[in-house]
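Heads up: the structure comes next, in structure tokens.
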Protein chains: 2
Amino acid sequence: MVQPVLYSLFREGRVQQLLDLLKGLHPADLVETLHEFSPEEQERFFLLIPNEQSAIILQEMDLPEAAAVLARLPLGTVAEILKEMYSDEAVDILAELPKENAAKLLMLMKEAGEELKELLAYEEDTSGGLMATEFVAIPENMTVGGTLAYLRKVAPSAENAYYIYVVTRDKKLVGVISLRELVVTPLETRVGQIMHRKVVKVPEDLDQEEVARLFEKYGLLVLPVVDKEDRLVGIITVDDVITVAKEEATEDIHKAGSVTPLRTSYKSAGVLTLYSKRVGWLLALILVNLISSGVIAAFEETLSVALTLAFFIPLLIGTGGNTGCQSATLMVRALVTGDIKLTSWFRTFGKELLVGMLLGLTLGTAGWFLGAFRGGALIGVIIGLTMLAIVVTANLVGVILPFILTRLRLDPAVASSPLITTIMDAIGLLTYFTIARMFLAL
Amino acid sequence: MVQPVLYSLFREGRVQQLLDLLKGLHPADLVETLHEFSPEEQERFFLLIPNEQSAIILQEMDLPEAAAVLARLPLGTVAEILKEMYSDEAVDILAELPKENAAKLLMLMKEAGEELKELLAYEEDTSGGLMATEFVAIPENMTVGGTLAYLRKVAPSAENAYYIYVVTRDKKLVGVISLRELVVTPLETRVGQIMHRKVVKVPEDLDQEEVARLFEKYGLLVLPVVDKEDRLVGIITVDDVITVAKEEATEDIHKAGSVTPLRTSYKSAGVLTLYSKRVGWLLALILVNLISSGVIAAFEETLSVALTLAFFIPLLIGTGGNTGCQSATLMVRALVTGDIKLTSWFRTFGKELLVGMLLGLTLGTAGWFLGAFRGGALIGVIIGLTMLAIVVTANLVGVILPFILTRLRLDPAVASSPLITTIMDAIGLLTYFTIARMFLAL
């Protein structure tokens, strides 16, 4: 709707009307409109509007996109825009820019730059990397009325106003009070009397997945970050955590498909990046595949006598792979989300043994029919029994491997579908030929 | 730390001290402690503490767990506890209880029951199913001071106090103002003058995945829900959305492993549920597997002449499956998150064609070496070429299938790792034997 109007106002240079229109538009919607602009037009657009507005809009963009826009603007303007941003967003964008530009910008930003430099030192995927330094902190002996007056003066923005942190003279975090509580408390009350002294807080180096888990567990909107001396150094807000949750899910899904996490969107990943994130796994899996080839070679004689056996290879090892893939998928996700714990290993094993037997009986029966139909009664028995054995084994491998990996403090997601499938090829073939040789008395 | 103290206070029936201890404990932590209690102890515990406290604790539990606790308590108590809960939580728990109990409870709850009955009518995974009816709504001509006084009177709880909705006499939503803005505005100002008239809102029947996307896009804490006449009927809060995001990711991951989504945690899923969510897929995949068997049977002669060919079957079809699995994983996730769109199909296809060729050349070279090493120069050429062809094809199948499924308005996640692997088995075998027959002049 808005887009054609906005575009024509922009083209005709009617700045005041354009700015009025922007006021009524959510920056997230504006970003979608800006996608239709050429890079040159985007450049002109951001030079036209106030830096404060640019900051708001750029904060809504994907990081590589925002970085691309800023790369076209003069460094002085970029520095002013970055100053207007939340520190956590500014840091993320700085990390996307070429190193020498980032260094120059930090210089240009003076004091604000010093603060950002400190934030830049944190690992990206930790609490320190997620936090912003814009928070409201007050001393314990302030009254509710005084606090409200203080808020009126500093007029904090949405991201940091809902919780007010209470700190000692040397900035140690001692309590928290919500804006809601302030509003419903008599004005002369001292904050120290009503604040919560048990504050859920995190150290600077906590992994972001753990941060997301705390947000979910405690239903938080904001989480304060403290340094080793328990001094308040920043806050993490829930909107960052939603993004983290999505990124982590994408990573887990990629790992399940044996793709090394891209660390960027698919759209912005180049051909060589994609190649490099995949080729290692494929080559490694070939090595596992060689075991399967070895098994077939070892049973060459059996196979040459009863070539019918070859017909059922894809059926048997395929079903084994699929079964293992299912149980590994269930296990890895349950372990990652904390749905099951390492300690419940024995119970889970028992459960999956039962599920595996039920699946094995069903698929074994199907295999028996198919085998008998194609190769006669004896082949039917061989295929049926092999199917049963493979399915039960595959199910257990799918359960056990993620548990072992977790136990060894490795990522259970390494038990990806391709890995399980490839392992089950080898185990399946060995099972198959062993059973076949027994029954065919070879 | 706390647990042994809490437990002994409880065992010794020192109620007052127990209640004091509970005050300093976050309910989410208390839930973990309660896991160690026997069901009988849990029952006694919840009968001991005030219903309001029970409500807070039960809201922190997993749904099946909370339902299990409530099932042991007298219906009268349960009704009182449910009245103390947020309506969205109460509804979710009611949906877990046996139908006849739920009906009785709604009767016992009288007015509150009527309200819950309306909420129960919404589909669970829509905006209506997520929303709570506890929100603060005021008329346009109220002053800021009046609003703050009103808030002091109704003392809303955390979940619904951060945004105040402005409605007309017939409850139509016309604006919104944040508590933060109220606090920093002169008291005599009328709310109508400062409220935001553009409110991001959703209809009652929006899919929860879409709701989560809006929260992420606009960085929301709360999202109002309106009926067809634009009347405010409820609000969705960000904490529900974090849970939704996690559930949806779990579903997507399960689908990628060919497991029909469980709709419950793995821990609380029984053996038969797990069996039923998996057996359908496994049987369906057997049908696809039969094509592979058919291909081998068709090339029986070729195979009997050159049995060496059999050695490489797992290697070739395995690598094909793994490659297809990788590209399908990347595609499905990118489509689900909106990272790539249907319209960019052509560009994505081109990109993956290039990636596939690079991978094909790498793996083809590896295959050539392995083949030559094991079966001589000619076999080396056959394996190398087949590997190249299979890898390129698999990569494209992995890209195309999710796109076609999305185009047909089906869930792209159907292109699971097991399905892709199984399809690639058949295509791989056909490619292999065709190339082999050509080179061996059979």
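Rounded to whole Å, give me the distance from the Cα center of segment A:255-321 to that of segment B:304-340. Taking the Cα centre of each part, segment A:255-321 and segment B:304-340 sit 7 Å apart. A simple spin-label model places the labels of residue A:341 and residue B:434 5.5 nm from each other, with each point 7 Å out along Cα-to-Cβ. Each Lys and Arg adds +1 at its Cβ and each Asp and Glu adds -1 at its Cβ; summed about the Cα centre, segment A:2-121 shows a dipole of about 420 debye. Kirkwood radius for the protein assembly as shown, taken over all pairs of different Cα atoms as the inverse mean of 1/r, rounds to 30.5 Å. Between copies, residue B:38 shows label-point distances of 7.9 nm, shortest first, with the point placed 7 angstrom from Cα along Cα to C-beta. Each residue, residue A:378 and residue B:378, gets one label point 7 Å from its Cα in the Cβ direction; the gap between the two is 3.3 nm.
Farthest toward the positive end of the dipole of the protein assembly as shown, out of B:357, B:120, A:310, is the Cα of A:310, where the dipole comes from beta carbon charges about the Cα centre.
In this assembly of identical copies, the label point of residue B:411 (Cα plus 7 Å along Cα-to-Cβ) is separated from its counterparts by 2.5 nm, sorted shortest first. In a simple Cβ point-charge model (Lys, Arg +1; Asp, Glu -1; nothing else charged), the protein assembly as shown has a dipole of about 1460 debye relative to its Cα centre. Positive-end ranking of B:226, B:167, B:214 along the dipole of segment B:136-244, with charges on Cβ about the Cα centre, is headed by B:167. Taking the longest Cα principal axis of chain B as reference, the axis of helix B:313-336 is set at about 30 degrees.
Among B:344, A:293, a tally of other beta-carbon atoms within 10 Å of each Cβ gives an order, fewest to most, of B:344, A:293.
A simple spin-label model places pseudo-atoms 7 Å from Cα toward Cβ; at residue B:25 and residue B:369 they are separated by 6.1 nm.
The stretch between residue A:114 and residue A:95 holds 5.4 nm of extra length on full extension. This uses 0.36 nm per residue minus the Cα-Cα distance. According to the square roots a ≥ b ≥ c of the eigenvalues of the Cα gyration tensor, what is the shape class of segment B:271-440, taking rounded for a/c under 1.5, prolate for a/b larger than b/c otherwise, and oblate for the remainder? Oblate shape, in that a/c is at least 1.5 and b/c is the bigger or equal ratio.
In terms of the mean number of neighbouring beta-carbon atoms within 10 Å, the peptides B:165-178, B:7-20 order highest first as B:165-178, B:7-20. With its label point defined 7 Å out from Cα along the Cα-to-Cβ axis, residue B:193 lies at 3.4 nm from the matching points of the other copies, in increasing order. A rounded overall shape is assigned to segment A:1-48, the ratio a/c of its alpha-carbon gyration tensor axes (a ≥ b ≥ c) being less than 1.5. Residue order for B:225, B:399, A:271, A:336, fewest other beta carbons within 10 angstrom first, comes to A:271, A:336, B:399, B:225.
Please give the calculated 222 nm ellipticity per residue for chain A, where each DSSP H segment of at least 4 residues contributes -39500 (n - 2.57) and the sum is spread over every residue; nearest 500 deg cm²/dmol? Counting only the DSSP helices, I get -21500 deg cm²/dmol.
How many angstrom lie between the C-alpha centres of segment B:1-43 and segment B:368-442? For segment B:1-43 versus segment B:368-442, the Cα centre distance is 60 Å. Ellipsoid semi-axes for segment B:136-244, based on the Cα gyration tensor and the rule √(5λ), read 24, 15, 12 Å when sorted largest first.
Each of A:380, B:53, A:17 was placed along the dipole of the protein assembly as shown (beta-carbon charges, centred on the mean Cα), and the one lying farthest toward the positive end is A:380.
The angle between the Cα long axis of helix B:51-60 and the longest principal axis of the Cα atoms of chain B comes to about 20 degrees, rounded to the nearest 10. With a Förster radius of 25 Å applied to the beta-carbon distance between residue A:409 and residue A:276, the computed FRET efficiency rounds to 0.45. Please work out the C-alpha center-to-center distance from segment B:190-206 to segment A:223-249 and express it in whole Å. One Cα centre to the other: 29 Å. By definition, a body whose alpha carbon gyration tensor gives a ≥ b ≥ c is prolate when a/c is 1.5 or more and a/b is larger than b/c, and chain B fits this prolate description.
Every read-out reported here was derived from the displayed coordinates using simple, explicitly stated rules and does not represent laboratory data. What you are looking at is a predicted structure, and each value in this text was computed from that prediction instead of being measured. No Cβ is skipped: glycine too gets one built from the backbone with ideal geometry, and neighbour counts run over all protein chains shown.
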